[in-house]
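Worksheet: one structure, shown below.
The values are calculated or read from the model by the stated rules, or taken from the named source; none is laboratory data. What you see is a predicted model; the values in this text were computed from it and never measured. Don't worry about glycine lacking a Cβ; one is built from the backbone with ideal geometry, like all the others, and counts go over all protein chains shown. Heads up: the accessible areas ignore ligands, DNA and RNA and are worked out on the full protein's heavy atoms, side chains in. Shrake-Rupley method; radii C 1.70, N 1.55, O 1.52, S 1.80 Å.
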Amino acid sequence: MIVLGIESSAHTFGVGIVTEYKENFILADERIQYVPKHGGIHPRESSRFLAEKAPMVIEKAFEKASLQLDDVNAIAVALGPGLGPCLRVGATAARALASFLKKPLVPVNHAVAHIEIGLKMTGLQDPVVVYLSGGNTAVIAYVEKRYRIFGETLDIALGNLLDTFARETSLGPPYVVAGMHVVDKCAESGKKFLDDFPYVVKGQDVAFSGLLTTALRAYRRGLDIHDICLTMREIAYNSVLEVTARCLMHTRKKEVMLVGGVAASPILREKFAKMAEKYNAIVGVVPPQYAVDNGVMIAWTGLLAFKSGLTIDLRSAIVKQRWRVDEVEIIWK
Ligand code: FE2
(Lines give C-alpha, C1' and ligand atoms only; values in the text may rest on other atoms or scores of the structure.)
Protein backbone atom coordinates (compact mmCIF):
# COMPACT_ATOMS: atom_id res chain seq x y z
CA MET A 1 0.00 0.00 0.00
CA ILE A 2 1.25 3.48 -0.88
CA VAL A 3 -0.21 6.69 0.56
CA LEU A 4 0.56 10.28 -0.39
CA GLY A 5 0.10 12.90 2.33
CA ILE A 6 -0.21 16.66 2.07
CA GLU A 7 0.57 19.13 4.86
CA SER A 8 -0.14 22.88 4.63
CA SER A 9 -1.39 24.00 8.04
CA ALA A 10 0.85 27.06 8.46
CA HIS A 11 4.13 27.85 6.71
CA THR A 12 5.08 24.51 5.19
CA PHE A 13 3.76 22.81 2.10
CA GLY A 14 4.91 19.23 2.53
CA VAL A 15 4.27 16.15 0.46
CA GLY A 16 5.19 12.72 1.78
CA ILE A 17 4.78 9.34 0.15
CA VAL A 18 5.00 6.29 2.42
CA THR A 19 4.54 2.52 2.32
CA GLU A 20 3.97 -0.15 4.93
CA TYR A 21 7.60 -1.34 5.03
CA LYS A 22 9.05 -1.42 8.54
CA GLU A 23 12.31 0.20 7.43
CA ASN A 24 12.65 2.73 4.61
CA PHE A 25 8.95 3.42 4.69
CA ILE A 26 9.48 6.93 3.33
CA LEU A 27 9.48 7.00 -0.47
CA ALA A 28 9.41 10.78 -0.77
CA ASP A 29 9.60 13.75 1.57
CA GLU A 30 9.40 17.09 -0.19
CA ARG A 31 8.74 20.40 1.52
CA ILE A 32 9.01 24.12 1.04
CA GLN A 33 8.65 26.73 3.74
CA TYR A 34 7.30 30.24 3.70
CA VAL A 35 9.60 32.58 5.63
CA PRO A 36 8.06 36.01 6.34
CA LYS A 37 10.32 39.00 5.69
CA HIS A 38 8.97 40.83 8.74
CA GLY A 39 6.95 39.76 11.78
CA GLY A 40 5.06 36.52 12.21
CA ILE A 41 3.24 34.40 9.64
CA HIS A 42 0.53 36.27 7.79
CA PRO A 43 -2.01 33.58 6.81
CA ARG A 44 -2.86 35.12 3.44
CA GLU A 45 0.74 35.77 2.44
CA SER A 46 1.73 32.26 3.48
CA SER A 47 -1.20 30.65 1.66
CA ARG A 48 -0.32 32.49 -1.57
CA PHE A 49 3.24 31.23 -1.37
CA LEU A 50 2.09 27.66 -0.65
CA ALA A 51 -0.43 27.71 -3.52
CA GLU A 52 2.24 28.92 -5.91
CA LYS A 53 4.68 26.16 -4.96
CA ALA A 54 2.23 23.28 -4.41
CA PRO A 55 2.25 21.78 -7.96
CA MET A 56 6.05 21.78 -8.05
CA VAL A 57 6.33 20.06 -4.64
CA ILE A 58 3.83 17.36 -5.61
CA GLU A 59 5.62 16.75 -8.89
CA LYS A 60 8.99 16.50 -7.16
CA ALA A 61 7.62 13.96 -4.64
CA PHE A 62 6.47 11.61 -7.41
CA GLU A 63 9.84 12.04 -9.11
CA LYS A 64 11.79 11.26 -5.91
CA ALA A 65 9.65 8.18 -5.22
CA SER A 66 10.01 7.05 -8.86
CA LEU A 67 6.25 6.55 -8.98
CA GLN A 68 3.54 7.20 -11.50
CA LEU A 69 0.49 9.17 -10.37
CA ASP A 70 -1.61 6.04 -10.48
CA ASP A 71 0.68 4.06 -8.13
CA VAL A 72 -0.67 5.65 -4.94
CA ASN A 73 -3.57 3.92 -3.19
CA ALA A 74 -4.90 6.92 -1.29
CA ILE A 75 -4.42 10.66 -0.76
CA ALA A 76 -4.21 11.87 2.83
CA VAL A 77 -4.52 15.50 3.84
CA ALA A 78 -4.22 17.57 7.01
CA LEU A 79 -7.63 19.24 7.37
CA GLY A 80 -6.78 20.96 10.68
CA PRO A 81 -5.96 22.44 13.07
CA GLY A 82 -4.12 25.38 11.52
CA LEU A 83 -4.50 28.62 9.60
CA GLY A 84 -7.61 28.54 7.39
CA PRO A 85 -6.19 30.00 4.16
CA CYS A 86 -3.12 27.74 4.40
CA LEU A 87 -5.10 24.58 5.20
CA ARG A 88 -7.32 25.27 2.21
CA VAL A 89 -4.34 25.12 -0.16
CA GLY A 90 -3.57 21.54 0.88
CA ALA A 91 -7.24 20.55 0.96
CA THR A 92 -7.80 21.90 -2.55
CA ALA A 93 -4.73 20.10 -3.90
CA ALA A 94 -5.72 16.84 -2.19
CA ARG A 95 -9.32 16.96 -3.40
CA ALA A 96 -8.14 17.70 -6.94
CA LEU A 97 -5.65 14.81 -6.88
CA ALA A 98 -8.16 12.38 -5.38
CA SER A 99 -10.82 13.38 -7.87
CA PHE A 100 -8.50 13.31 -10.88
CA LEU A 101 -6.89 9.99 -9.95
CA LYS A 102 -10.14 8.49 -8.62
CA LYS A 103 -8.41 7.56 -5.35
CA PRO A 104 -9.89 7.67 -1.85
CA LEU A 105 -9.26 10.73 0.29
CA VAL A 106 -8.25 10.29 3.95
CA PRO A 107 -8.70 13.12 6.51
CA VAL A 108 -5.83 13.59 8.97
CA ASN A 109 -5.64 15.71 12.12
CA HIS A 110 -2.32 17.57 12.11
CA ALA A 111 -1.68 17.05 15.84
CA VAL A 112 -2.48 13.33 15.67
CA ALA A 113 0.00 13.13 12.78
CA HIS A 114 2.75 14.74 14.92
CA ILE A 115 2.14 12.02 17.52
CA GLU A 116 1.97 9.08 15.10
CA ILE A 117 5.17 9.99 13.24
CA GLY A 118 6.78 10.52 16.64
CA LEU A 119 5.84 7.01 17.74
CA LYS A 120 7.12 5.59 14.47
CA MET A 121 10.43 7.46 14.72
CA THR A 122 11.16 6.96 18.43
CA GLY A 123 9.82 3.41 18.78
CA LEU A 124 8.00 4.43 21.98
CA GLN A 125 4.83 2.46 22.70
CA ASP A 126 2.55 4.47 24.94
CA PRO A 127 4.13 7.74 26.03
CA VAL A 128 2.94 10.94 27.62
CA VAL A 129 3.30 13.27 24.65
CA VAL A 130 4.63 16.78 25.15
CA TYR A 131 3.73 18.73 22.03
CA LEU A 132 5.57 22.03 21.86
CA SER A 133 5.66 24.18 18.76
CA GLY A 134 5.08 27.71 17.52
CA GLY A 135 1.33 27.20 17.66
CA ASN A 136 0.87 24.42 20.22
CA THR A 137 1.61 23.63 23.83
CA ALA A 138 -0.08 20.50 25.09
CA VAL A 139 0.54 17.48 27.28
CA ILE A 140 -1.31 14.54 25.78
CA ALA A 141 -1.78 10.86 26.60
CA TYR A 142 -3.62 8.03 24.90
CA VAL A 143 -6.54 6.78 26.97
CA GLU A 144 -9.50 4.78 25.64
CA LYS A 145 -9.33 5.34 21.88
CA ARG A 146 -8.33 8.98 22.05
CA TYR A 147 -5.27 11.17 22.52
CA ARG A 148 -6.54 13.12 25.50
CA ILE A 149 -5.26 16.50 26.60
CA PHE A 150 -3.90 16.53 30.14
CA GLY A 151 -2.90 20.18 30.04
CA GLU A 152 -2.47 22.91 27.48
CA THR A 153 -1.77 26.60 27.14
CA LEU A 154 -4.61 28.98 27.91
CA ASP A 155 -3.20 31.68 25.65
CA ILE A 156 -0.05 31.64 23.50
CA ALA A 157 2.14 28.64 22.70
CA LEU A 158 5.62 28.15 24.15
CA GLY A 159 7.21 28.58 20.71
CA ASN A 160 5.25 31.77 20.20
CA LEU A 161 6.54 33.13 23.53
CA LEU A 162 10.17 32.50 22.59
CA ASP A 163 9.86 33.70 18.97
CA THR A 164 7.90 36.85 19.83
CA PHE A 165 10.36 37.84 22.53
CA ALA A 166 13.26 37.24 20.13
CA ARG A 167 11.58 39.25 17.39
CA GLU A 168 10.67 42.20 19.62
CA THR A 169 14.20 42.39 21.03
CA SER A 170 15.99 41.75 17.70
CA LEU A 171 17.54 38.47 18.90
CA GLY A 172 15.94 36.87 15.80
CA PRO A 173 14.98 35.84 13.17
CA PRO A 174 16.38 33.30 12.60
CA TYR A 175 15.02 31.93 15.87
CA VAL A 176 16.99 28.70 15.92
CA VAL A 177 20.72 28.71 15.26
CA ALA A 178 22.70 25.45 15.22
CA GLY A 179 19.83 23.56 16.84
CA MET A 180 19.41 26.04 19.68
CA HIS A 181 16.77 28.71 20.14
CA VAL A 182 18.28 32.21 20.32
CA VAL A 183 16.54 32.71 23.68
CA ASP A 184 18.22 29.57 25.07
CA LYS A 185 21.54 30.78 23.68
CA CYS A 186 21.09 34.23 25.21
CA ALA A 187 20.11 32.67 28.55
CA GLU A 188 23.49 30.90 28.73
CA SER A 189 25.10 34.17 29.81
CA GLY A 190 22.33 34.98 32.29
CA LYS A 191 23.57 35.36 35.87
CA LYS A 192 20.52 35.86 38.02
CA PHE A 193 16.80 35.22 38.21
CA LEU A 194 14.68 38.31 38.06
CA ASP A 195 11.84 38.92 40.50
CA ASP A 196 8.16 39.28 39.74
CA PHE A 197 7.99 37.22 36.55
CA PRO A 198 4.66 35.33 36.61
CA TYR A 199 4.73 31.53 36.85
CA VAL A 200 1.25 30.52 35.72
CA VAL A 201 -0.08 26.97 36.14
CA LYS A 202 -3.84 26.81 36.57
CA GLY A 203 -4.95 23.29 37.37
CA GLN A 204 -3.22 21.40 34.56
CA ASP A 205 -3.00 24.34 32.17
CA VAL A 206 -0.25 26.86 31.58
CA ALA A 207 -0.26 30.46 30.33
CA PHE A 208 2.56 32.53 28.85
CA SER A 209 1.22 35.88 27.66
CA GLY A 210 1.74 37.56 31.07
CA LEU A 211 5.28 36.22 31.10
CA LEU A 212 5.91 37.66 27.63
CA THR A 213 4.57 41.08 28.63
CA THR A 214 6.69 41.11 31.81
CA ALA A 215 9.81 40.06 29.89
CA LEU A 216 9.31 42.73 27.23
CA ARG A 217 8.68 45.39 29.88
CA ALA A 218 11.87 44.38 31.68
CA TYR A 219 13.77 44.64 28.40
CA ARG A 220 12.39 48.13 27.73
CA ARG A 221 13.34 49.16 31.27
CA GLY A 222 16.92 48.27 30.37
CA LEU A 223 17.40 45.12 32.47
CA ASP A 224 20.03 42.66 31.26
CA ILE A 225 18.64 40.68 28.33
CA HIS A 226 20.57 37.55 29.35
CA ASP A 227 18.95 37.57 32.78
CA ILE A 228 15.55 38.14 31.18
CA CYS A 229 16.01 35.19 28.79
CA LEU A 230 17.19 32.95 31.63
CA THR A 231 14.27 33.86 33.88
CA MET A 232 11.66 33.64 31.13
CA ARG A 233 12.71 30.29 29.72
CA GLU A 234 13.21 28.67 33.17
CA ILE A 235 9.68 29.68 34.16
CA ALA A 236 8.17 28.60 30.83
CA TYR A 237 9.95 25.23 30.66
CA ASN A 238 9.38 24.41 34.31
CA SER A 239 5.65 25.04 34.09
CA VAL A 240 5.33 22.52 31.24
CA LEU A 241 7.53 20.14 33.23
CA GLU A 242 5.25 20.39 36.25
CA VAL A 243 2.16 19.55 34.19
CA THR A 244 3.93 16.62 32.52
CA ALA A 245 5.08 15.20 35.85
CA ARG A 246 1.50 15.16 37.15
CA CYS A 247 0.30 13.50 33.95
CA LEU A 248 2.96 10.79 34.35
CA MET A 249 1.85 10.18 37.93
CA HIS A 250 -1.81 10.10 36.99
CA THR A 251 -1.56 7.84 33.95
CA ARG A 252 1.33 5.73 35.30
CA LYS A 253 2.89 5.73 31.86
CA LYS A 254 6.62 5.06 31.68
CA GLU A 255 7.57 7.00 28.58
CA VAL A 256 7.68 10.68 27.62
CA MET A 257 7.81 11.79 24.01
CA LEU A 258 8.87 15.32 23.05
CA VAL A 259 7.48 16.47 19.74
CA GLY A 260 7.14 19.76 17.83
CA GLY A 261 9.68 22.36 16.76
CA VAL A 262 10.44 23.57 20.31
CA ALA A 263 11.20 20.01 21.47
CA ALA A 264 14.57 20.28 19.75
CA SER A 265 15.84 22.48 22.61
CA PRO A 266 18.74 20.65 24.30
CA ILE A 267 17.97 22.52 27.55
CA LEU A 268 14.38 21.29 27.52
CA ARG A 269 15.44 17.73 26.78
CA GLU A 270 17.86 17.70 29.69
CA LYS A 271 15.17 18.98 32.04
CA PHE A 272 12.74 16.31 30.87
CA ALA A 273 15.36 13.56 31.17
CA LYS A 274 16.02 14.54 34.81
CA MET A 275 12.33 14.71 35.64
CA ALA A 276 11.52 11.39 33.92
CA GLU A 277 14.26 9.62 35.84
CA LYS A 278 12.41 10.39 39.07
CA TYR A 279 9.37 8.54 37.72
CA ASN A 280 11.37 5.65 36.21
CA ALA A 281 10.29 6.82 32.80
CA ILE A 282 12.32 7.19 29.63
CA VAL A 283 12.34 10.16 27.27
CA GLY A 284 12.21 9.90 23.49
CA VAL A 285 12.75 12.90 21.26
CA VAL A 286 11.44 12.99 17.72
CA PRO A 287 14.31 13.79 15.31
CA PRO A 288 14.15 17.52 14.41
CA GLN A 289 13.45 16.80 10.74
CA TYR A 290 10.21 15.02 11.69
CA ALA A 291 9.39 17.10 14.76
CA VAL A 292 8.51 20.04 12.52
CA ASP A 293 5.64 20.13 10.00
CA ASN A 294 6.09 17.72 7.10
CA GLY A 295 4.12 15.68 4.58
CA VAL A 296 5.46 12.32 5.77
CA MET A 297 3.58 12.52 9.08
CA ILE A 298 0.33 13.15 7.21
CA ALA A 299 0.99 10.29 4.79
CA TRP A 300 1.92 7.87 7.61
CA THR A 301 -1.13 8.72 9.73
CA GLY A 302 -3.26 8.57 6.58
CA LEU A 303 -1.94 5.08 5.90
CA LEU A 304 -2.83 3.90 9.43
CA ALA A 305 -6.31 5.40 9.14
CA PHE A 306 -6.91 4.16 5.60
CA LYS A 307 -5.94 0.59 6.59
CA SER A 308 -8.61 0.81 9.30
CA GLY A 309 -11.16 1.89 6.69
CA LEU A 310 -11.28 5.65 7.14
CA THR A 311 -11.99 7.79 4.08
CA ILE A 312 -13.90 11.01 3.51
CA ASP A 313 -16.27 12.12 0.79
CA LEU A 314 -14.74 14.90 -1.36
CA ARG A 315 -17.64 17.20 -0.57
CA SER A 316 -17.16 16.78 3.18
CA ALA A 317 -13.39 17.32 3.08
CA ILE A 318 -13.42 20.90 4.34
CA VAL A 319 -10.86 22.37 6.69
CA LYS A 320 -11.37 22.67 10.44
CA GLN A 321 -9.14 25.38 11.86
CA ARG A 322 -9.78 24.40 15.47
CA TRP A 323 -9.92 20.62 15.15
CA ARG A 324 -8.75 19.43 18.56
CA VAL A 325 -6.63 16.33 18.93
CA ASP A 326 -9.09 14.80 21.42
CA GLU A 327 -11.96 14.99 18.92
CA VAL A 328 -10.41 12.24 16.80
CA GLU A 329 -11.20 8.61 17.51
CA ILE A 330 -8.02 6.60 17.03
CA ILE A 331 -9.54 3.66 15.14
CA TRP A 332 -6.20 2.01 14.34
CA LYS A 333 -5.29 1.27 17.96
FE1 FE2 B 1 2.74 21.30 13.56
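Annotations
- With contacts taken as Cα pairs under 8 Å and at least 6 residues apart, the stretch 125-288 reaches a relative contact order of 28 percent.
- About its Cα centre, the dipole of the stretch 125-288 is roughly 280 debye, where the only charges are +1 on Lys and Arg Cβ and -1 on Asp and Glu Cβ.
- Ellipsoid semi-axes for the stretch 213-292, based on the Cα gyration tensor and the rule √(5λ), read 28, 15, 10 Å when sorted largest first.
- Theoretical gain in end-to-end length, residue 126 to residue 320 [0.36 nm per residue, Cα-Cα removed]: 67.1 nm
- Surface per residue (accessible, 1.4 Å probe) for the chain, Å²: 45 Å²
- Cα centroid of the stretch 82-97 to Cα centroid of the stretch 279-327, whole Å: 15 Å
- Considering only alpha-carbon pairs that sit under 8 angstrom and 6 or more positions apart, the relative contact order computed for the stretch 86-146 is 17 percent.
- Exposed loop positions in the chain were taken to be chymotrypsin sites (Phe, Trp or Tyr not before Pro) whose DSSP state is not H, G, I, E or B and which have at most 12 other beta-carbon atoms within 10 angstrom. Between these positions, the longest stretch is 22-192.
- R0 of 25 Å, Cβ-Cβ distance residue 249-residue 23: FRET efficiency to nearest 0.05: 0.10
- Ranking by accessible area, most exposed first, for 275, 56 with a 1.4 Å probe: 56, 275
- Between residue 270 and residue 223, the C-beta separation translates, for a Förster distance of 25 Å, into a calculated FRET efficiency of about 0.45.
- Given charges at beta-carbon only (K, R positive; D, E negative), |dipole| of the chain in Debye: 360 debye
- In a reduced charge model with +1 at each Lys and Arg Cβ and -1 at each Asp and Glu Cβ, the stretch 242-333 shows a dipole moment near 220 debye about its Cα centre.
- Inter-label distance, residue 209 to residue 178: 3.6 nm, where each label sits 7 Å from its Cα along the C-beta direction.
- Accessible heavy-atom area order of 42, 114, highest first, probe of 1.4 Å: 42, 114
- Look at the dipole of the stretch 220-305 built from charges on Cβ: of 264, 225, 251, the Cα furthest out on the positive end belongs to 251.
- Relative contact order (%) - criterion: Cα under 8 Å, at least six apart; region: the chain: 26 percent
- Think of it this way: in the chain, 86, 247 stand alone, with no other Cys Cβ under 4.7 Å.
- Working from label points 7 Å from Cα in the Cα-to-Cβ sense, the residue 148 to residue 37 distance is 4.9 nm.
- The stretch 1-57: trypsin sites (Lys or Arg not before Pro) in DSSP loop, at most 13 other beta carbons within 10 Å: 22, 37
- Charge context of residue 47, other residues only, Cβ under 14 angstrom, K/R +1, D/E -1: +1
- For the chain, carbon and sulfur atoms together expose 52% of the accessible surface, with a 1.4 angstrom probe and every protein chain in place.
- Structure note, pairs 37/103; 60/307; 60/320: Cα-Cα distances above 32 angstrom occur for 37/103.
- Cβ-based charge dipole, the stretch 125-288, positive-most Cα from 169, 140, 181: 140
- Non-local Lys pairs in the stretch 125-288, i.e. 8 or more apart or on different chains, that have alpha carbons under 17 Å apart: 7
- A helix-only calculation puts the chain at -13500 deg cm²/dmol for mean residue ellipticity at 222 nm, using -39500 (n - 2.57) for each DSSP H run of at least four residues, averaged over all residues.
- DSSP bridge orientation in the chain - percent antiparallel, rounded to nearest 5: 60 percent
- Bridging of residue 333 to aspartates and glutamates at a Cα separation below 18 Å is possible for 20, 116, 126, 144, 255, once same-chain residues fewer than 8 apart are set aside.
- Theoretical FRET efficiency, 1/(1+(r/R0)^6), r = Cβ-Cβ of residue 167 and residue 64, R0 30 Å, to 0.05: 0.30
- Estimated translational D of the stretch 125-288 in µm²/s (Stokes, Kirkwood radius over Cα pairs; 10 °C; 1.306 mPa s): 100 µm²/s
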